[in-house]
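For reference, the structure discussed in these notes is given below.
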């Protein structure tokens with residue numbers, strides 16, 4: 001998709017499009033998220049609730065987050081590395097973005 005947006009509007013359109021999409025979906029997500037009930041500890045006090053760090057203490061969540069981040073970094077590195085070689089073959093820009101996903 002980034003290659004298509006790049007050909008339509010130049011360098012800034014993919015970034016502006018992504019930013020606008022994030023700004024539109026973030027308030028919608030906040031409205032539709034269910035309320036988390038208060039957590040009562042064993043001594044009867046209310047805890048502050050759940051935070052990102054308490055969530056990352058769960059090993060499966062932490063491993064999933066690290067795997068996602070590393071996969072994104074590797075994908076970005078491979079795409080940037082392959083792009084000059086794909087230009088030599090004279091492929092169009094939108095096709096070169098899908099080349100890394102061919103198995």
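Points to keep in mind about this one:
- Residues residue 12 and residue 57, FRET efficiency given R0 of 35 Å [Cβ-Cβ distance, rounded to 0.05]: 0.30
- Two-site FRET efficiency, residue 29 against residue 85, from Cβ-Cβ distance with R₀ of 41 Å, rounded to 0.05: 0.60
All of the numbers you see were taken from the coordinates with simple rules; none came from a lab. Since the model is a prediction, treat every value here as computed from it, not as a measurement. When we count neighbours, we look across all protein chains shown, and the Cβ atoms used for this are built from the backbone with ideal geometry, even at glycine.
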